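The next block holds one structure in the form of structure tokens; read it before the comments.
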Amino acid sequence: MKTSKRLEEMNACGDAVDWVGRRGIMTAWRDCNRADWMIWVSGKLNIDKKLIVLAACDCAETALKYVPKGEDRPAKAIRTARNWCNSTATKQECRAAAAAAYAASAAAAATYAAAAATYAADAAAATYAAAAAAYAASAAYAATDAAAAYAAYAAAATYAAATYAAKQSTQKLCADLVRKRIPFNLIKEAWNEG
């Protein structure tokens, strides 16, 4: 079965299906620069949730440079999500850290509204990415892979004010982080089983 057809059956977004086109799964995994799509498909293929959460954390960390000094809630949310993956944090601790990071994202948006609007968006997206990673770790709901994918997307989206080249670079960085955490052999095995 064609990769694009299978993605349609999995209810992938139209943009992803169109991008895949005639590519096979190996070429698509190798060439994709959308970490959110990669994490989403990993979740749909039932790749180990801890690998997915770790990939989301890796991506979310790329946005921490936009968090104001002294604001530690987003970093704590990522750290707590990583700790969940190592069995040293509970789902409840992840939920609490994620809630704190969400609060920080709202505070960042409000606090920096008077400053450059793009910075406010960057800071809010960075903290939201951390919160999404922690929520993914908490497994608070069935769409864990969706939360993890959003963490990756939010990390890349923090560069909204950057040049096109910088956005592309960040998207590629996040995609490479996902590929490092979730190697193609796991995708291939799960793809062939489905």
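The values are calculated or read from the model by the stated rules, or taken from the named source; none is laboratory data. Just so you know, these numbers come straight off a predicted model, no measurement behind them. For neighbour counting, all protein chains shown are included, and Cβ atoms are generated from backbone atoms with ideal geometry for every residue, glycine included.
Let me spell it out: the conditions are (1) at pLDDT below 95; (2) surrounded by fewer than 16 Cβ atoms within 10 Å (Cβ to Cβ), and Ala12 meets all of them except one. Which number is the exception?
Condition (2) is where Ala12 drops out.
Could you please tell me which pairs satisfy a Cβ distance under 7 Å, a separation of 6+ or placement on different chains, a first residue in region 68-89 that is within 19 Å of Lys50 (Cα to Cα) and charged (D, E, K, R), and a second residue that is buried (at least 19 other Cβ atoms within 10 Å of the Cβ) and modelled with pLDDT of 85 or more?
Cβ pairs passing all conditions: Arg82/Leu54; Arg82/Cys57.
Within region 33-52, track down each residue that is farther than 14 Å from Ala175 by Cα and of a type in the set (Val, Ile, Thr).
Within region 33-52, Ile47 is the sole residue that qualifies.
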